[in-house]
Amino acid sequence: MATARILVIDDEYGVRSGIRQILEMEGYEVDEAATGTEALTLLHGGEYDVVFLDYRLPDIDGLTILQVIKQDALQLMTCMITAYANIDTAIAATRQGVDFFLPKPFLPDDLLGVAETLVRHKQARTEAERLRKEHEAGLLALAEEKTQTHSLISSLRDAVLVVNRDGDVVLVNRAMAAILDLPEFEAVHRPAADLLGESPLAPLVEQLAAPQKDRTIGQLSLGERSYMTSIVTFRDDDGQALGRILTLSDISQVRRLAMEKERFIRTMVHELKSPLGAVRSLIEVATDKSLGDNLDGYLPMLQRAEGRIDNLVQLIGDLLSLSRSEQAESQGEPELLEIEPAVTGALRLQAEKMAAKGIAAHADLEAGLPLVLVSSDDLDLIMSNLVGNAVKYNKDGGSVEVRARHVGEWVRIDVKDTGIGIAEENLGLVLTEFFREKRPETRDVEGSGLGLSIVKRLVERAGGRLELASTQGEGSTFSVLLPA
Ligand code: ADP
C-alpha cells in the first residue's frame, strides 16, 4: 500500500538503510531510528502503520519500546527483527503485544511479505475501529432521537396510545395516562383490550382491535369533556400493518363555542323575525283596508310600524358593532385620549330624553386625569351606551352622574343612575348577548340586549374591565376601568 508509513528501528546502519530501500521501492514511506530514544520521539510524533524494530538497541531495548507502544495505545502493527530470537525473547515480546517476528538474516521478499501482511492488518483494524465508532455514534444518535421523540409525544396535549400488531400497548403519553388514571410506565406492554376494557375508553376497544378503515374518526364524551378520537393504522413499505395509533383531542372548547354561536344565531333570527312579522301584519291591515277608506285611521298603526323598523335598524347597527367589537383590532387606531369629550358627547346625545323625563345630569371628572389609550370610536360607543342605559332605565325626576378618577394604575369611570336597578339574580346575565330583564318597568323600554356585551368587549379590547353594582329599585353603577 503506497501511503503506508513504516518506521525502522535498528542500530546497524546497513540493516536499517537496506530495509528502508527495499520498502521504499515498494512505495512505502519510511523513517529510520538508530536508537531507542530517537525511536520513541518519532513514534510519538508521527502516525506509523508498521514498526520494524531490532531487539537489541544501544540505549533502550526493543521490549521497552513495545511496552511504550502498548501503554500509549499507539495504533500500529509491530514486527521484531532479531538475530537472537530465542524462546524467552519471543515470549516476552509476545506479552508486550508484538505482532510478528522476522529473524535475521532475511530475504527482501520475506520482508516485503511481512510488511504487506502487517499493513493489511493495520488497515483492517483501522476500518474495524472506524465501523465501531460509527456504530456507537449511530446508536447514540438513535437513542437521542428516541428520547426526543418520546418527550415530544409525551408533552403533546392530545392523548396518544400506540399498539403493536399484536395489540399490545407500546406507548402511552402523559395525557393518555391521565385519562386512564395510570402512570405511563404501567400502561405499556399490556394488551390494549385489557388496559382499555376497564377504562372510560372501553367503547374504543373493538375499533382499535379491528378498525374498518386505516383511519377512523369519532367522538367520545368523558364527563364534561368532549374528545375527537382517531385510530390510524400504520404500515411498513410492503403494506403490512405494524400497529395502530389512537389519539384523543379535547374539543370541549370548540364544541362550546360552536354551541354558543348556534344559540346566538337562533336568538338573532328570532329578534329579526318577530318585528318584521309585526310590521307585515300592520301593513296588511292597511292593504286590506280593514279600517275603512279614511287614511287618517291608519296613522297610529303606521307610526307603530315605523317604530318597529327603527328598532330593527338599531338592532342591525348593534349587531354590526358587536361583530366589530369581536375583532382583536378596533377599526379606528387607538390613540391617547382625554375622557372628557366622550363623556360630554354622550350626555349631550341624551339631553333631549333627559329633559323629557326630568332627569338631572352631572359630570364629575377629576382634574389632571391621565390620558387613556383607546380608539376614539370605541370610547364614544362605550360612553354613549352606558349613559343611554342610565337614562333609559331611569325613573322620572331621577339623576345620572358620570364620575372619573385616577385609581392606582387605572382611570375609573363610573356611570351612576337612580333608576330601576337590576335584580340580583340577573347581575351576571346582563352582560351577555340579547339578555334583557323582563319586568313591568322594562316592558315599554326598547332595546336589543346587545349594548352591554358590546361595551364589555370594547373595554376589554382596550386592556380594561367592566364592573357593575346595582340594587333593584334604587339604581345602578357601571364602572369602566381603563389602563392609565
Ligand atoms: P338593551 O338596553 O338594548 O336592552 P343592554 O345590553 O344595554 O341592552 O342591557 C341589557 C339589559 O340590562 C337591559 O335590557 C336591562 O334589563 C339591563 N340594564 C342595562 N343597563 C341598565 C341600567 N342602567 N339600569 C337598569 N337595568 C339596566
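The values are calculated or read from the model by the stated rules, or taken from the named source; none is laboratory data. Just so we're clear, the structure is a prediction, and the values are computed from it rather than from any experiment. Virtual Cβ from ideal backbone geometry, glycine too; neighbours counted across all protein chains shown.
Would you say Glu129 is assigned to a helix (DSSP H, G or I), of a type outside the set (Ser, Thr, Tyr), free of Cβ contacts under 8 Å to residues at least 24 places away in the same chain and not assigned by TED's automatic domain parsing to the domain that holds Ile9?
no
Is there a residue being in contact (Cβ under 8 Å) with a residue 60 or more places away in the chain and more than 16 Å from the ligand (Cβ to nearest atom) anywhere in region 388-395?
No - not one qualifying residue is present in region 388-395.
Taking the residues in region 403-445 that are modelled with pLDDT under 95 and on the phi > 0 side of the Ramachandran plot as candidates, determine which candidate is farthest from the ligand (Cβ to nearest atom).
Out of the qualifying residues, it is Gly408.
For region 308-351, what are the residues that are touching a Gly at 6+ places or on another chain (Cβ under 9 Å), surrounded by fewer than 18 Cβ atoms within 10 Å (Cβ to Cβ) and within 30 Å of Gly277 (Cβ to Cβ)?
Within region 308-351, Asn311, Gln314 meet the criteria.
Which of the residues spanning region 446-472 are in a loop (DSSP other than H, G, I, E, B), aliphatic (A, V, I, L, M) and more than 9 Å from the ligand (Cβ to nearest atom)?
Ala462
Is it the case that region 279-287 has a residue that's more than 26 Å from Arg436 (Cα to Cα), small (Gly, Ala, Ser) and not assigned by TED's automatic domain parsing to the domain that holds Glu224?
Yes; the residues of region 279-287 include at least one that is more than 26 Å from Arg436 (Cα to Cα), small (Gly, Ala, Ser) and not assigned by TED's automatic domain parsing to the domain that holds Glu224.
Within region 170-228, considering only helices (runs of 4 or more DSSP H) that don't extend past its boundaries, which have at least 3 residues that are modelled with pLDDT of 90 or more and within 25 Å of the chain's Cα centre (by Cα)?
Hits in region 170-228: 174-180.
Go through the residues of region 141-154 one by one and say whether even a single one is in the same structural domain as Leu220 (by TED's automatic domain parsing) and surrounded by 14 or more Cβ atoms within 10 Å (Cβ to Cβ).
yes
Name the pairs whose Cβ atoms lie under 9 Å apart, with the first residue in region 441-463 and farther than 16 Å from Asn389 by Cα, the second polar (S, T, N, Q) and more than 13 Å from the ligand (Cβ to nearest atom), and 6 or more positions between them or separate chains?
Leu458/Ser330; Leu458/Ser375; Arg461/Gln327; Arg461/Ser330; Arg461/Ser375; Ala462/Ser330; Ala462/Ser375
Report those strands (runs of 3 or more DSSP E) wholly inside region 31-107 carrying at least 2 residues which are touching a strand residue (DSSP E or B) at 6+ places or on another chain (Cβ under 8 Å) and crowded, with 22+ Cβ neighbours inside 10 Å.
Result: 50-54, 77-82.
Just one of (1) buried (at least 20 other Cβ atoms within 10 Å of the Cβ); (2) farther than 30 Å from Val313 by Cβ trips up Gly463, so point out which.
Of everything listed in (1) buried (at least 20 other Cβ atoms within 10 Å of the Cβ); (2) farther than 30 Å from Val313 by Cβ, Gly463 misses just condition (1).
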